[in-house]
1. Keeping to region 307-364, report how many residues are assigned to a loop (DSSP other than H, G, I, E, B) and within 21 Å of GLY279 (Cβ to Cβ).
2. If ALA297 satisfies all but one of (1) hydrophobic (A, V, I, L, M, F, W, C); (2) touching a residue at least 60 places away in the same chain (Cβ under 8 Å); (3) touching an Asp or Glu at 6+ places or on another chain (Cβ under 6 Å), what's the number of the condition it fails?
3. Sort through THR265, THR285, THR269 and tell me the only one that's surrounded by 15 or more Cβ atoms within 10 Å (Cβ to Cβ), of a type outside the set (A, V, I, L, M, F, W, C), at pLDDT below 95 and more than 30 Å from ALA194 (Cβ to Cβ).
4. Given (1) closer than 30 Å to LEU166 by Cβ; (2) open to solvent by 90 Å² or more (accessible area, probe 1.4 Å); (3) not hydrophobic (A, V, I, L, M, F, W, C), where does ASP233 come up short, assuming only one miss?
5. Among the residues of region 112-133, is there at least one that is of a type outside the set (Asp, Glu), modelled with pLDDT of 90 or more, assigned to a helix (DSSP H, G or I) and open to solvent by 60 Å² or more (accessible area, probe 1.4 Å)?
6. Would you check which residues across region 242-258 are in a helix (DSSP H, G or I), open to solvent by 10 Å² or more (accessible area, probe 1.4 Å) and over 15 Å from VAL104 (Cβ atoms) and list them?
7. Mind checking which pairs have a first residue in region 321-334 that is more than 18 Å from MET352 (Cβ to Cβ) and modelled with pLDDT of 95 or more and a second that is part of a loop (DSSP other than H, G, I, E, B) and of a type in the set (Lys, Arg), Cβ under 9 Å, 6 or more apart or different chains?
8. Hey, could you check region 314-359 for residues that are in contact with a Phe, Trp or Tyr (Cβ under 6 Å, 6 or more places away or on another chain) and surrounded by 13 or more Cβ atoms within 10 Å (Cβ to Cβ) and say which is farthest from THR285 (Cα to Cα)?
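The values are calculated or read from the model by the stated rules, or taken from the named source; none is laboratory data. Fair warning: this is a prediction, and the values are worked out from it, not measured in the lab. Positions of Cβ are generated from backbone atoms using ideal geometry, with glycine treated the same way; all protein chains shown enter the neighbour counts. Side chains are part of the model used for accessible areas, which takes the heavy atoms of the whole protein and leaves out ligands, DNA and RNA. Shrake-Rupley method; radii C 1.70, N 1.55, O 1.52, S 1.80 Å.
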Amino acid sequence: MALSVGIVGLPNVGKSTLFNALLSKQQAFAANYPFATIEPNVGVVPVPDERLAQLAPIVNTTKLVPATVKFLDIAGLVKGAAQGEGLGNKFLSHIREASVILHVVRAFADPNVVQTGSGDSVEDYLTIETELQLADLATVEKVRGVRSKVKDEKRETALEKIYKHLQEGRSVRQLDLTEDEQLLVDRELFLLTAKPQMFCLNTDEVGIAKSGALITDFVERLRAKGVEIQESDCVAIVAKLEEELAGFSDLEKKEYLESAGIARTGLETLIAAAYKRLGLQSFLTAGELEVRAWTVAKGTLAPDAAGVIHTDFVKHFISAKVCSYADFVEYQGWKGAAEKGKVRTEGKTYVMQEGDIVEFMIGK
């Protein structure tokens, strides 16, 4: 899946620390499952999935292959980026490549780390969003200035609608668009403020202890500014601690988490949330060779899911043998699940569900 999460933030908010933690997870992942060389500003990390370890003994394998999420470390932002200040142009070009924007905002107090923003997490976010709105305004203005030989009133009306909205200081994701208007935004304009967004509140040990209240306060204050977000779009982490934990061995990490009464690190929670925010889900294959999570978009049909395994499978798809994860585990594999009537055969119109365990029937 050519989808990615772009990490953005003002200087000294912990963006680089967070990305370093992601890179440590990438390096550990690559050690077991080599893949192509990755750009320095790209991190490909495994999505936490406890189901894989549960399935392994049932099918007698030790090889687990999780789904992955790609994170892009976007160049730092300063006020005036839309006019090319600092690394503004690089920032804007890289963020266009991302499918989802992850805003890292500072929610910690440390006199040893220079405060570059306002000191208020909401205002710091709004600084970035304003720069993205200005960049989008310039994009639309440029397109409006190029008149096509064939007059297209619908397109011109859509451009005016979007331009006026941006002039009012509002992001495109807040604009009610028709299907045709959405296609214009997605396929021609590539507007930054139309992209889905997430928030990472980088806090400290004191803040993480009350992360629920921290997130609720952040969301309520953003809504008061007219920004519609959900608490599920926000994750609170201690980036400095996550960077340290990423260097621990599995045993050391397990012991630390148990001593702290934590089920999953903040970084793992963030990765899982990013996977969901990208609109992705996993189906699973389980056999003696490996247990693997395969990535598809929500709403994917069975033949296209088979094509993720091998492109030829789309054309030669016959059917899919499907069992839910819960039934597969309860009845200890295909044989036991089939005996209980929990295995079904699905055809070309079947919409894949999260956690489906599948065997595809492929013709020649």
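1. 7
2. Of (1) hydrophobic (A, V, I, L, M, F, W, C); (2) touching a residue at least 60 places away in the same chain (Cβ under 8 Å); (3) touching an Asp or Glu at 6+ places or on another chain (Cβ under 6 Å), only one is false for ALA297: (3).
3. One residue alone meets the criteria, THR265.
4. Evaluating ASP233 over (1) closer than 30 Å to LEU166 by Cβ; (2) open to solvent by 90 Å² or more (accessible area, probe 1.4 Å); (3) not hydrophobic (A, V, I, L, M, F, W, C) leaves (2) as the failure.
5. Scanning region 112-133, I find at least one residue that is of a type outside the set (Asp, Glu), modelled with pLDDT of 90 or more, assigned to a helix (DSSP H, G or I) and open to solvent by 60 Å² or more (accessible area, probe 1.4 Å), so the answer is yes.
6. GLU244, ALA246, ASP250, LEU251, GLU252, LYS253, LYS254, GLU255, TYR256, LEU257, GLU258
7. Filtered contacts from region 321-334: GLU330/LYS340; GLU330/LYS342; TYR331/LYS340; TYR331/LYS342.
8. The qualifying residue farthest from THR285 (Cα to Cα) is ALA337.
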